[in-house]
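Since the structure comes first, as structure tokens, the remarks are kept for the end.
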Amino acid sequence: MKKDIHPEYHMINVVMTDGTTFQTRSTYGEPGATLQLDIDPTSHPAWTGGPQRVSEKGRVSAFKNKFGNFGL
């Protein structure tokens with residue numbers, strides 16, 4: 001690996017959406033910086049199993065309805 005091209009790691013504070021905080025090593029900002037998360041595992045439906053946007057129609061049937069037998 002090339003020398004002196006990699007960013008330096010330092011400790012930062014991470015604030016979750018519920019207000020809890022933890023420290024981790026990162027290249028983000030300056031040492032001691034605070035990273036405020038907008039989405040995290042405590043609030044996002046992908047992790048919580050909450051409601052998700054699901055189309056009422058299947059993707060294939062929606063495509064067929066939109067384009068029919070185009071090109072056949």
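What follows is calculated from the coordinates using simple rules that are stated; it is not laboratory data. Everything numeric here is computed off the predicted structure, so don't read it as measured data.
Note the full-extension length gain between residue 60 and residue 48 as 0.36 nm times their separation in residues minus their Cα-Cα distance, in nm to one decimal.
Here the segment from residue 60 to residue 48 would lengthen by 1.5 nm.
Provide the gained length on full extension for the span residue 24 to residue 70, in nm with one decimal, where the gain is 0.36 nm per separating residue minus the Cα-Cα distance.
On the way: separation 46, 0.36 × 46 = 16.56 nm, distance 5.37 nm.
Taking residue 24 through residue 70 to full extension adds about 11.2 nm, to one decimal.
In whole Å, what three semi-axes, largest first, describe the equivalent ellipsoid of segment 1-43 built from its Cα gyration tensor (square root of 5 times each eigenvalue)?
Values: eigenvalues 133, 23, 10 Å².
Equivalent ellipsoid of segment 1-43: 26, 11, 7 Å, largest first.
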